[in-house]
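Remarks on the structure that follows.
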Amino acid sequence: MKSPDIEMPESVVEILTPSVAGKPALKISNLNVHAGDHHILKNINLEIPENRITVLLGPSGCGKTTLLKCMNRLTDLYRELEVTGTITIGGDDILNSTTDIPALRQRMGLLSQRPYPLPVSIFKNVAYGLKLKGVRDKRLLAFSVEKHLREVGLWEEVKGRLNAPATSLSIGQQQRLCLARGLAVKPAIILADEPTSALDPTSSKIIENLFREIRKHYTIVLVTHVLRQAIRLADHVIFMHDGEIIEQGSPGELFENARSDKLRAYLIDGN
Amino acid sequence: MQFKRQIADRLNGSWMIISLSTILVLPLVIGVGLYIKAAPLLEDVSLFSLIFSSEWAPSAGEFGFRPFIAGSVHVTLLSFLFTAPVCLLAAIYLTQFSTRTLVKIMHPVIDVLAGLPSVIYGVWGILIIVPLVAGIAAFFGTASSGYSVLSGGIVLAVMCIPYTLNMLIEVFNTVPSGLKEASLSLGATRWEAVKHVVIRGNYPGIISAFGLGIAKAFGETIAVMMVVGNVVKVPGSPFDAAYPLPALIANNYGEMLSIPMYDSALMFAALLLLMIILFINLFFRYLIHKTKRQ
Ligand SMILES: Nc1ncnc2c1ncn2[C@@H]1O[C@H](COP(=O)(O)OP(=O)(O)OP(=O)(O)O)[C@@H](O)[C@H]1O
Ligand SMILES: [Mg+2]
């Protein structure tokens, strides 16, 4: 792999190399986020490997959600945030491009901490992204809705009430619905921000298994506070603390041989 | 101890029921009172002709309320026509697109506008809006003193804007930012996200804000009375003068009570006002109920 980025420190490249099998799906260099005096993200450099699950770990408030929001430019919504640096996907610098941001966001599916079903029916929630893309063909929409509801294991539960409001589903079902509607727009990368934190063990398991299943086709960035979940799923791990990346590497390296005290302390607290 | 707590619980419960029933009974008491006072007129003249007749000659015993009802309806509808789009767009802009600084400036401005006594709006209407409307009428080739339905509608709209705007802002602020982010993440543009999440998701709230605004506009008295001209005639154009129901009551109560039935007629006007406002409220409740079920 040829790295055109000369600013990346040697040590980081070293740590990355063993675990990064595919080419990077997304590359962040010198990313900084400020909110007034508060330096939220401090000089972030990282690569997200393609078709792998990258787990983002770190104590609350260290900037994980902010990092995810940078990746699909949701930071644009907050005027107080000042974002500098570059984030490249397939050669495009998405942070500095003025190109089609909705299209960019469709390449980066976001699954948030709590499910946010749109105030429409179950069917329309899943069809939403496709309709925004301009798909009008009823049969195609119906096909896609069924396919993705099956993919998240929700089809059997909801096939009789597709026109019911999405808010009538249980929280666990809503979260799977949100995943289904995210998958329906065929993103390249899935940004999952603590997707199972509001779910019961069974629903969590369903989502976890699903992630393992779909990583063949998608690149996944997963934020989680559940260490055991991180161990079960991670192909690549990034540990953040107070806006900085402290360590990144393969799960073996980080979980077995943590180098920094901060990570060691975090792992001890988590077990 | 347990016993004492139970007693306190009971007592508090009954106090709440008493205050609640007072609030519930109040409109009923007012309604019944007005009905009793209006009864002599209702015995004399049929309800149908009271509402649909345009003949207004109290000394001759002719009481047709149609001009007043029409006046109220025209002024209110016109004001709604101005208020609704302005408030909707302003509320969307303030809650979704504007900077924090602008919001911080706008909030006290809106509150001051909402708190101004209506007589001030009336004076402002006479000084600015009435001549303006007279000018507009001249431009369109109609003669008008400016004291007209249009002036009433504009003044009423300006009065209702802060009220309706505040309610809409409150409604739109309840939309969680995660919901907007979800819509954007699925590829919506800023405006599409607002349309799908902020507007469509809040139909019941928007309708109820508009409903309360209309009900308030319908009963507003002083400011409107100062600029609509108060001529007993069903208005034919926005430049015609009108005589809304509240103005009728406020202008005449306490005077000319020597005319037989006049007292009853004014009470009937008040009863009519109460009924119409009740009806507006029920209608909007029904709309909210219908949109909520979807
Ligand atoms: N729009 C904003 N304006 C100001 N400060 C912000 C903004 N968004 C985030 N922050 C700050 O940035 C820091 C990181 O927040 P972030 O939500 O990214 O943390 P997190 O790692 O996701 O935490 P958690 O695990 O609790 O979700 C916090 O201190 C937060 O207060
Ligand atoms: Mg977070």
Any pair with Cβ under 7 angstrom, 6 or more apart, that starts in region A:60-74 at a residue that is near ligand 1 (Cβ under 8 Å from one of its atoms) and ends at one that is open to solvent by 10 Å² or more (accessible area, probe 1.4 Å) and part of a loop (DSSP other than H, G, I, E, B): A:CYS62/A:ASP242
Pairs, first assigned to a loop (DSSP other than H, G, I, E, B) in region B:40-53, second open to solvent by less than 40 Å² (accessible area, probe 1.4 Å), C-beta under 8 Å, six or more apart: B:VAL45/B:PHE63; B:SER53/B:PHE63; B:SER53/B:GLY64; B:SER53/B:PHE65
Residue check, A:ILE206 free of Cβ contacts under 8 Å to residues at least 60 places away in the same chain and away from ligand 2 (no atom under 16 Å from the Cβ): yes
Evaluation of A:ILE206 against (1) touching a Gly at 6+ places or on another chain (Cβ under 6 Å); (2) within 27 Å of B:THR174 (Cβ to Cβ); (3) aliphatic (A, V, I, L, M) (one fails), failing number: (2)
Residue within region A:115-123 that is open to solvent by 30 Å² or more (accessible area, probe 1.4 Å), part of a helix (DSSP H, G or I) and at pLDDT below 95 present: no
Flag if A:ILE87 is within 16 Å of ligand 1 (Cβ to nearest atom), β-branched (Val, Ile, Thr) and in contact with a Gly (Cβ under 9 Å, 6 or more places away or on another chain): no
Filter pass, A:LEU68 being within 17 Å of the chain's Cα centre (by Cα) and not hydroxyl-bearing (Ser, Thr, Tyr): yes
Leading residue by the ranking (most open to solvent (accessible area, probe 1.4 Å)) among those in region A:209-235 that are away from ligand 2 (no atom under 16 Å from the Cβ) and closer than 17 Å to A:VAL185 by Cβ: A:HIS217
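Tell me, which residue of region A:62-82 that is away from ligand 2 (no atom under 11 Å from the Cβ) and among the charged types (D, E, K, R) is nearest to the other protein chains (Cβ to nearest Cβ)?
To start, the set of residues in region A:62-82 that are away from ligand 2 (no atom under 11 Å from the Cβ) comprises A:70-82.
Filter once more, so that each one left must be among the charged types (D, E, K, R): A:73, A:76, A:79-80, A:82.
Numbers: A:ARG73: 9, A:ASP76: 9, A:ARG79: 6, A:GLU80: 8, A:GLU82: 14 Å.
Checked region A:62-82; the qualifying residue nearest to the other protein chains (Cβ to nearest Cβ) is A:ARG79.
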Per-region count, region A:83-102, residues touching a helix residue (DSSP H, G or I) at 6+ places or on another chain (Cβ under 9 Å) and either surrounded by 21 or more Cβ atoms within 10 Å (Cβ to Cβ) or more than 14 Å from every other protein chain (Cβ to nearest Cβ) (or both): 8
Helices (runs of 4 or more DSSP H) within region B:155-273 that include 3 or more residues within 14 Å of chain A (Cβ to nearest Cβ): B:177-185, B:190-193, B:203-219
Residue match in region A:161-172 (condition: more than 14 Å from chain B (Cβ to nearest Cβ), open to solvent by less than 50 Å² (accessible area, probe 1.4 Å) and closer than 27 Å to A:LYS216 by Cβ): yes
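Does region A:175-184 contain any residue that is closer than 30 Å to A:SER60 by Cβ and in a loop (DSSP other than H, G, I, E, B)?
Here is the first cut: in region A:175-184, the residues closer than 30 Å to A:SER60 by Cβ are A:175-183.
Pick out the ones that are also in a loop (DSSP other than H, G, I, E, B) and you get none.
Checked against the condition, which is being closer than 30 Å to A:SER60 by Cβ and in a loop (DSSP other than H, G, I, E, B), region A:175-184 yields no hits at all.
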Residue in region A:35-56 that is facing another protein chain (nearest Cβ under 10 Å), polar (S, T, N, Q), surrounded by fewer than 23 Cβ atoms within 10 Å (Cβ to Cβ) and away from ligand 1 (no atom under 16 Å from the Cβ) present: no
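Within region A:34-61, track down each residue that is in a strand (DSSP E or B), more than 28 Å from A:ALA188 (Cβ to Cβ) and more than 15 Å from ligand 2 (Cβ to nearest atom). Break it down into steps so the answer makes sense when it comes.
From region A:34-61, those in a strand (DSSP E or B) are A:34-35, A:38-49, A:53-57; that's our starting set.
With more than 28 Å from A:ALA188 (Cβ to Cβ) added as a condition, the list becomes A:34-35, A:38-39.
Scanning region A:34-61 gives A:HIS34, A:HIS38, A:HIS39.
The values are calculated or read from the model by the stated rules, or taken from the named source; none is laboratory data. Just so it is clear, the model here is predicted, and its values are computed rather than measured. In this analysis, Cβ positions are derived from the backbone assuming ideal geometry, glycine residues included, and neighbour counts consider all displayed protein chains. With ligands, DNA and RNA removed, areas are computed over all heavy atoms of the protein, side chains included. Shrake-Rupley method; radii C 1.70, N 1.55, O 1.52, S 1.80 Å.
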